[in-house]
Each structure stands twice: as C-alpha cells, then as structure tokens.
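K.L.:
Below are the structure tokens for one structure; questions will follow.
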Amino acid sequence: MPGLRGLSDYSQEPSRHPSLTINSKEPFNAEPRRKDLVSSYVTPVEFFYKRNHGPIPVVDDLDKYSVSVIGLRGIPIELFMKDIWKLPKYTVTATLQCAGNRRTAMSKTRPVKGVGWDVAAIGNAVWGGAKLADVLELVGIPKCSRVTPSGQKHVEFVSIDKCKEENGGPYKASIPLIQATNPEADVLLAYEMNGETLNRDHGYPLRVIVPGVIGARSVKWLDSINIIVEECQGFFMQRDYKMFPPSVNWNNISWPTRRPQMDFPVQSAICSLDDVNLVKPEKITVKGYAASGGGRGIERVDISVDGGKTWVEASKSQKAGVPYISDDESNDKWAWVLFEAEANIPQSTEIVAKAVDVAGNVQPANVDDIWNLRGILNTSWHRVQVRIGHSNL
Ligand SMILES: Nc1nc2c(c(=O)[nH]1)N[C@H]1C(S)=C(S)[C@@H](COP(=O)(O)O)O[C@H]1N2
Ligand SMILES: [Mo]
C-alpha cells in the first residue's frame, strides 16, 4: 500500500507518557495509573491504554494513502483521505475496552494466556470521522443492508501491521454487514481522537471504531475493507477473543465451537484505591468507572464496604452539568459512567463495586465462575482491601 507502511521491527515506535505501566514492551502494551484513568470523563490521549500486536506502522505520504474496498463488482475501489473527509463528520463519544482488561486478577485463580492487564485497559474518547454506513453507501451498499445481492453478510477490516499471531501478516477482524451499514450503530472510520488528528499509537491515519464492542474489532491503521460472505477467518476472530467455559483447557479446546466475542458485558472497577491500601480511620472516597456493551446504559453502581454483605448506591456522572439517566437520550450511550461514593471505614475490610446495566445484567461475584483459559472478560465484582493504619508507620 503506498503511503502507509507496516514495519518488521520496533525501531520507529512513537514516544509515550512515562507514567504508563508497560505490560509488554514489544509489541507495546501499556495502561495508565488507576487514578489518572478516572481523573476525567474523556480520557486524555496520553493516558489512553495502548494495545498492539506488532510494531506501529508509519505513514510515508498521506496524499498517497488510500483504503481499498474489495468485493464489489470485482474491482477494488480506492478511497483517499480527501474522499473520507468529504463525507459528513460525526463525533461519537465511545468507550473502548480490551477484552483482556483485568486479566491479571483472573490469572490469580489459575494461570491464563495473554498480556497481563490491571483495570485500566479501557478508555473513553471522542472519536471524529465518517460513518462506515456513509462510506459503504458511497461504494454502492445501501443503508441497513443485511446481505448484498451476491450474498455477502460481513465487513472485514484489514490493517498493515505485522503480527506474529498471523505469521507476520496484518491484524484483521470483521463485523456483520447490518451493523456496518446501520447509521444508528455509529461505527466510524475515525481520523480524530479528542479533537486532534489520531496519533500513531491509536491508528493514524484511519481506524475503525465499533462502539459497544470489545476493542479487538476496532481495527487500527486501516488498509482495506472487504465485503465478504463468511466472517473474517483471521487469528484474532477465530483463535483468540472467544469466551470459553471454565472446563476448557489447552488439551480439550475446540475453537470453532465458540463465537467471536463482540459486545462487552457489564463492567466496573474502583480506581481511587489500589489492590491493598493503608488508610486512616476516616471517610474515604470510592471512585471508578462502569460501562456496558451494546449501547446499554448503567442503571446502578453498588458499593460495599463489608466485602459484599451490605451495599450503598454510588452517584454516576458523564458530562458536567447533565444528570445521568441510564436510558435517556441526553447520555453518551456508548460511553462509560464515572461513579463516586463516600464511605466510613471503621475497620480493615474489603471494598467492592458491582454495576448493573439497563437490561438488569449484573457483574458476577466471583472470578472463579467466569475463569477462562485466555483470561478475557473478567467482569467479576471488583474487590480492594483496606487496612486501617498510619502511612508513616
Ligand atoms: N491493526 C490493529 N488494530 C488493532 C489492534 C492491533 O494490534 N492491530 N489491537 C486491537 C485491540 S485487541 C484493542 S483492545 C484495540 C486497542 O486500541 P488502542 O490501542 O487505541 O487503545 O485495538 C484493536 N485494533
Ligand atoms: Mo484488546
């Protein structure tokens, strides 16, 4: 592809904020400190988690960069940035969460395979770009199409990065055609993040944003879009990012028996406290985030300061000055809520958070019940320990 180039080594990585916790250096995988994550509703780009499977590609010449749309009437259609910029621009506030968020905690039950993450493989950004539904209409696919006249039902996104899981080939994923062509699904080809040009780490010059769905389907550094009959057969759709029951191990696993994970389940985590905290016997503030997939709002966040025996409800917020109502149109439906509760801590205890979405889905109490060998979707109640004491002792 002229204009955009995949690299085979890590000699041209961008610079990153020094406070990030690096979970893997090459490929670069890093997350912010818990307290930085909840210091604002919109996550600053430098504090947004970075999840990569290979070296970050480089743009040699933006004018030459184009996305090929393949699968229609035999000939690829080339879309240049000027074609994308001409389409109506939408800004969508959407939370991206890696399916591996909170994996480290799951690995404490039994070992799992994958990059370890604390609770911050998630972020909320204002993405700016063209709607995929408009782009597909431009090449002749009508809005809200379930299937094309030639029987294609999926839209595949192919990148240019070299991933070892793909034997040096690019990262790819697909979504159903109906989601891609439905303007209400808000799937974007994004060129901006928080009002600035997308940076290299997050997919410059163009990435897909699939709101409400695990981060793995939001392909960065887009090279081509294929309109296809079957869902993408790539590694990250077929042999990764699938949820298995606790009984499945590496000896009895059968990948085709499970669907690729799409929507993410209801999730929350406390970010104002570490796993183990030494506090003075006084009121403390419990702050964190809650999010659900599929555009489902957060109905409630419950906080317990006695290990889950009794609960109080936390307050929730998104935008300043706008009260958050779980199913209201004034909300950012694809975005997380931040929650806050004050608690008196008379003795050493366990503080717990659990969220409920508008469909009444609740986080499971124990990580053991949802343990899976790839360590994905750890949405168990988030528990932190507090010990009463004086930090100068
Ligand atoms: N081309 C490409 N796209 C990709 C990935 C990747 O490694 N390569 N990682 C995916 C995964 S698993 C996640 S969680 C998100 C992370 O996006 P971010 O780095 O902008 O936070 O990008 C997705 N898109
Ligand atoms: Mo991910």
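Values quoted throughout were computed directly from the atomic coordinates according to the rules given, and no laboratory measurement underlies them. The structure displayed is predicted, hence computed values, not measured ones. Quick reminder, even Gly has a Cβ in these numbers, built from the backbone with ideal geometry, and neighbours come from all protein chains shown.
K.L.:
Name the shape class, rounded, prolate or oblate, that the alpha-carbon gyration tensor gives for region 302-369, where a ≥ b ≥ c are the square roots of its eigenvalues, rounded holds for a/c under 1.5, and otherwise prolate holds if a/b is larger than b/c and oblate otherwise.
P.N.:
The shape class here is oblate.
K.L.:
Radius of gyration and Dmax for the chain's Cα atoms, expressed in Å?
P.N.:
21.3, 74
K.L.:
Can I ask one more? Counting other beta carbons within 10 Å of each Cβ, put Ser8, Ser272 in order, fewest first.
P.N.:
Ser8, Ser272
K.L.:
Quick one: putting +1 on the C-beta of Lys and Arg, -1 on the C-beta of Asp and Glu, what dipole do you get for region 216-354 around its Cα centre, in Debye to the nearest 20?
P.N.:
Roughly 280 debye, rounded to the nearest 20.
K.L.:
Order of Met237, Met193, Met262 from fewest to most other C-beta atoms within 10 Å?
P.N.:
Ordered by Cβ neighbours within 10 Å, fewest first: Met262, Met237, Met193.
K.L.:
Would you mind checking region 107-149 for residues with the amide N under 16 Å from a putative spin-label position 7 Å along Cα→C-beta of Lys319?
P.N.:
125-128
K.L.:
While we're on this one: Just from the alpha-carbon atoms, what are the Rg and Dmax of region 341-389 in angstroms?
P.N.:
When restricted to Cα atoms, region 341-389 yields Rg and Dmax of 13.8, 41 Å.
K.L.:
OK, next. Region 290-382: which trypsin sites (Lys or Arg not before Pro) are DSSP loop and have at most 16 other beta-carbon atoms within 10 angstrom?
P.N.:
When the trypsin sites (Lys or Arg not before Pro) of region 290-382 are filtered for loop state and at most 16 Cβ neighbours within 10 Å, Lys309, Lys319 remain.
K.L.:
Could you list the trypsin sites (Lys or Arg not before Pro) in region 88-147 that lie in coil according to DSSP, counting only those with at most 13 other Cβ atoms within 10 Å of their Cβ?
P.N.:
Of the trypsin sites (Lys or Arg not before Pro), the ones in loops of region 88-147 whose Cβ has at most 13 other Cβ atoms within 10 Å are Lys108, Lys113, Lys143, Arg146.
K.L.:
Another question, then. Give the separation of the Cα centroids, region 276-323 to region 335-393, in Å.
P.N.:
9 Å
K.L.:
Take the alpha-carbon centre of region 11-86, take the same for region 171-221, and report the distance between them in whole Å.
P.N.:
When both Cα centres are located, 10 Å separates them.
K.L.:
Mean-square fluctuation check for the chain, GNM, Cα pairs under 10 Å: which of Asp357, Asp306, Asp36 is largest?
P.N.:
Comparing Asp357, Asp306, Asp36 in the GNM, the peak value goes to Asp306.
K.L.:
Taking 0.36 nm per residue of sequence separation and subtracting the Cα-Cα distance, how much length would be gained by fully extending the chain between Glu350 and Thr91, in nm to one decimal?
P.N.:
89.3 nm
K.L.:
Let me know the number of lysine pairs in region 105-218 closer than 24 Å at the Cα, not counting same-chain pairs under 8 apart.
P.N.:
Taking the Cα cut-off of 24 Å, the pair count is 11.
K.L.:
Return, for the Cα atoms of region 123-180, the radius of gyration and Dmax in Å, separated by a comma.
P.N.:
Just the Cα atoms of region 123-180 yield Rg and Dmax of 14.2, 38 Å.
K.L.:
Taking the chain as a Gaussian network, where each spring joins two C-alpha atoms under 10 Å apart, which residue of Gln12, Gln267, Gln363 fluctuates the most?
P.N.:
Largest GNM mean-square fluctuation: Gln12.
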